[in-house]
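Participant: Have a look at the structure that comes next, please.
The values are calculated or read from the model by the stated rules, or taken from the named source; none is laboratory data. These numbers come from a predicted model, not from an experiment. Quick reminder, even Gly has a Cβ in these numbers, built from the backbone with ideal geometry, and neighbours come from all protein chains shown. SASA here: full protein model, heavy atoms, side chains in, ligands and nucleic acids out. Shrake-Rupley method; radii C 1.70, N 1.55, O 1.52, S 1.80 Å.
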Amino acid sequence: MSFSDPAQRAAELRSLLHEHAHRYYVLDEPEIPDAEYDRLFQELQAIEAAHPELLSPDSPTQRVLGQVLAGFSPVTHTVAMLSIRTETDTEASGALAFDARVRKELDWGPEQPPVEYAAELKFDGLAINLRYEHGILVQAATRGDGYTGEDVTQNIRTIGQIPLRLRGPFNGGSAPSVLEVRGEVYMRRDAFDTLNERQRSRGEKTFVNPRNAAAGAVRQLDPRIAAQRPLSFYAYGIGDVQDWSVPDTHSTLLDALATMGMPVCTDRTVALGATGLLAFYEAIRARRDALPFDIDGIVYKVNSRALQQRMGFVSREPRWAVAHKYPAQEQVTRLLGIDVQVGRTGKLTPVAKLEPVFVGGTTVSNATLHNEDEARRKDVRVGDSVIVRRAGDVIPEVVGRVPSQSVDETSRGPVFDLFDQLGGQCPACGSAIVREEGEVDWRCSGGLYCPAQRKQAILHFASRRAMDIEGLGDKLVDQLVGEGDEKALIHTLADLYNLRAEQLSNLDRMGGRSADNLIAALENSKQTTLGRFLFSLGIRHVGETTAKDLAKHFGSLDRLMNASADELLQVHDVGPVVAHSLHTFFDQPHNREVIAQLRVAGITWQESDGAAASTGPQPLASTTWVLTGTLPTLSRDQAKEIIEAAGGKVTGSVSKKTNFVLAGSEAGSKLEKAKELGITVMDEAEFLRHCANPGDDAIGFEGQRASGI
């Protein structure tokens, strides 16, 4: 590697690395991801290797980074907490290179057997030294600069996983007079998400990643605040030891620590040679994203402690250990623009267009910003340098921006405004975009017309509780809608009813018989109810029960479509949110056009004059029912339809407002709760008898309670 002015670049890198180390270790406000820091560090290493005269005692490459934080008492480590070398090659050569170095150091020829290694996870947290005297935890200290750390004993005591007293039995009979256990304080991903959600709900600062959150918690000057942070711990080694026979291998050392009550990760192994190391590396990589905590690689250690002592150290690193990293999950790149995508349900998502960057094992040029509020909270604008994160199959996301002292804040691009950028219209279909009060997402209101929502609209329309079109499944709909308007066999819901058997029989997995069956199912679906039809339209906030209530109240689709907000609010369980959603949906000309096309296609239902003129007996009017267990002849859906047709309402849980419970075999907790509350319980026979003879009072519909069935 060559440089036009190596001395100037080395000085610049030293200054940058010191500043970023201060922000990370002291302020807990990192501005760049770990991968970017590693890149700068490695660049400085390369310059110093090429120009030894530039090496200086204050170089970050000559010591473990960090410093004592004002407010904590300093702790001098009896045995230095040095870091280990990082192997940045993410391919097989990472393991091969380490094994080759070890064999060379040991003068281990090809005739010698494979070296035995201990392989374990490289946790992404904060290194801690726990000092136990006669089995009692007396002190906990951070790594600091490797030689002097910070006394964080009170905060560490709040971590439930860390034992305050070691468990026996101990080799030698009694607890060691001194045993320093070293490990990593970290935060689980689920705990991190919960913490950030709590921070947001309080209007407080959220954390960039679990490692930052864990470090901030350990360095809280108030242990009561630290106790509120959900921290975890894993032990991975030892420091000072007095009056204890240390096991001969690293793997058995970890076993011994586990028997003492120390949490030790079970994802570790003893591997033979480079082949064994690489096998473990690949096995963990396959599971990396499923782990409940973050790791950034694997640590390889010569397993024999005698061989470790024989190999010794070089500068700030042991010769007998190395960290083999996985592809970085965070990188820095430039934000070139912000586009907006329309999801299957109409949700509008801002998408960052990035200068391509290799992150998480692949080249990324697009990343989600989630929603407008998130883009503003992170204050990312076109032209900014941003941190991009990608973990496995997770969609890449923009974590935040990298502030730059060389950029004038007033010269940055405008704050992202989704509505203004789109002109208030869906980019896929031109329908109005809406955002309901209290929600963070903008949405397209043209659900029946929007091509981006076409597949989801069709699947919902055909579902069993809607139009019940048997045979119209996910894979078939994929073929029908195609990848663009030119190849699509259907563009709107109404086009379903224009399909011909010969068109369908040419599709994958669709023979002549299957095609005929689907055409028959489409024809059968034309005779439906107004409630089912309303539900099939997929109107936001309008579920199956609400759709039936609307149908019962208005009796006519036209009356519903032209109803005012006040008229909508007269319907049972319809509040301002549902009323607004209905108004927005029916106000879109595109949606009305598709509804008209469906009616022309032959979809019909029986209409009435509304609730005031509902026909037929209503023996279950104003009653609330709960269904539980398996009925002898009726399905749950059939029983529900009978109850609703008779004026009753079906809910999912038993409460004091429940009037009746219809119970079948293997009824569970709902039946027990009904008995506790004294709610009338009946079986299918009693239920059907009453529905057939609504004047029969024997069942006790006027308030009589039964104790069981």
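So that you can scan it fast, the table gives a plain yes or no per residue for (1) part of a strand (DSSP E or B); (2) loosely packed, with under 15 Cβ neighbours inside 10 Å:
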residue	(1), (2)
Cys265	no, no
Thr269	yes, no
Gly297	yes, no
Gln309	no, yes
Val322	yes, no
Thr333	yes, no
Gly337	yes, yes
Val357	yes, no
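Participant: Next question. Would you please name the residue that is modelled with the lowest pLDDT, looking only at residues in segment 390-416 that are within 27 Å of the chain's Cα centre (by Cα), open to solvent by 50 Å² or more (accessible area, probe 1.4 Å) and farther than 20 Å from Glu31 by Cβ?
Facilitator: Filtering first and then ranking leaves Asp393.
Participant: Moving on. Can you tell me which residue in segment 359-376 is most open to solvent (accessible area, probe 1.4 Å), limited to those that are part of a strand (DSSP E or B), within 29 Å of Glu439 (Cβ to Cβ) and not hydrophobic (A, V, I, L, M, F, W, C)?
Facilitator: Asn366
Participant: Determine, yes or no, whether Lys347 is modelled with pLDDT of 90 or more, closer than 21 Å to Glu197 by Cβ and open to solvent by 50 Å² or more (accessible area, probe 1.4 Å).
Facilitator: For Lys347, the condition - modelled with pLDDT of 90 or more, closer than 21 Å to Glu197 by Cβ and open to solvent by 50 Å² or more (accessible area, probe 1.4 Å) - is met.
Participant: Only one of these is open to solvent by 50 Å² or more (accessible area, probe 1.4 Å), within 22 Å of His460 (Cβ to Cβ) and not hydroxyl-bearing (Ser, Thr, Tyr): Arg540, Arg513, Arg559. Name it.
Facilitator: Exactly one residue qualifies, and that residue is Arg540.
Participant: Here is a further query. Suppose the filter is of a type outside the set (Val, Ile, Thr), out of contact with any Ser or Thr (no Cβ under 7 Å at 6 or more places or on another chain) and free of Cβ contacts under 8 Å to residues at least 12 places away in the same chain; does Glu436 pass it?
Facilitator: Answer is no for this residue.
Participant: If you don't mind, another one. At positive phi and either within 36 Å of the chain's Cα centre (by Cα) or of a type outside the set (D, E, K, R) (or both): which single residue out of Gly678, Gly668, Gly652 fits that description?
Facilitator: Gly678
Participant: In segment 90-110, how many are part of a helix (DSSP H, G or I) and hydrophobic (A, V, I, L, M, F, W, C)?
Facilitator: Residues meeting the conditions: 6.
Participant: Further, regarding this structure: What are the residues in segment 444-484 that are open to solvent by 40 Å² or more (accessible area, probe 1.4 Å), closer than 24 Å to Phe419 by Cα and charged (D, E, K, R), if any?
Facilitator: The answer is none; no residue qualifies.
Participant: When you go through Phe585, Phe554 one by one, which is the residue that is touching a residue at least 60 places away in the same chain (Cβ under 8 Å), buried (at least 20 other Cβ atoms within 10 Å of the Cβ) and either under 23 Å from Ala462 (Cα atoms) or over 39 Å from the mean Cα position of the chain (by Cα) (or both)?
Facilitator: Result: Phe585 is the single residue among Phe585, Phe554 that is touching a residue at least 60 places away in the same chain (Cβ under 8 Å), buried (at least 20 other Cβ atoms within 10 Å of the Cβ) and either under 23 Å from Ala462 (Cα atoms) or over 39 Å from the mean Cα position of the chain (by Cα) (or both).
Participant: Looking only at residues that are over 28 Å from Ile490 (Cα atoms) and of a type outside the set (Asp, Glu) in segment 430-443, which one is least open to solvent (accessible area, probe 1.4 Å)?
Facilitator: Val440
Participant: Condition first: modelled with pLDDT of 85 or more and in a loop (DSSP other than H, G, I, E, B). Now tell me which residues in segment 168-209 satisfy that.
Facilitator: Within segment 168-209, Ser174, Ala175, Pro176, Ser177, Met187, Arg188 meet the criteria.
Participant: A further question follows. If I ask for residues that are out of contact with any helix residue (DSSP H, G or I) (no Cβ under 8 Å at 6 or more places or on another chain), open to solvent by less than 50 Å² (accessible area, probe 1.4 Å) and at pLDDT 80 or above, which ones from segment 220-232 would you list?
Facilitator: Within segment 220-232, no residue meets the criteria.
Participant: What residue, of Ser232, Ser245, is farther than 25 Å from Phe98 by Cα and in contact with a Gly (Cβ under 7 Å, 6 or more places away or on another chain)?
Facilitator: Answer to the selection: Ser245.
Participant: Continuing with this model, one more query. Quick one: which of Gln570, Gln597, Gln588, Gln606 is at negative phi and touching a strand residue (DSSP E or B) at 6+ places or on another chain (Cβ under 8 Å)?
Facilitator: Gln588
Participant: On the basis of being modelled with pLDDT under 90, buried (at least 19 other Cβ atoms within 10 Å of the Cβ) and within 29 Å of Phe192 (Cβ to Cβ), does Leu65 make the cut?
Facilitator: For Leu65, the condition - modelled with pLDDT under 90, buried (at least 19 other Cβ atoms within 10 Å of the Cβ) and within 29 Å of Phe192 (Cβ to Cβ) - is met.
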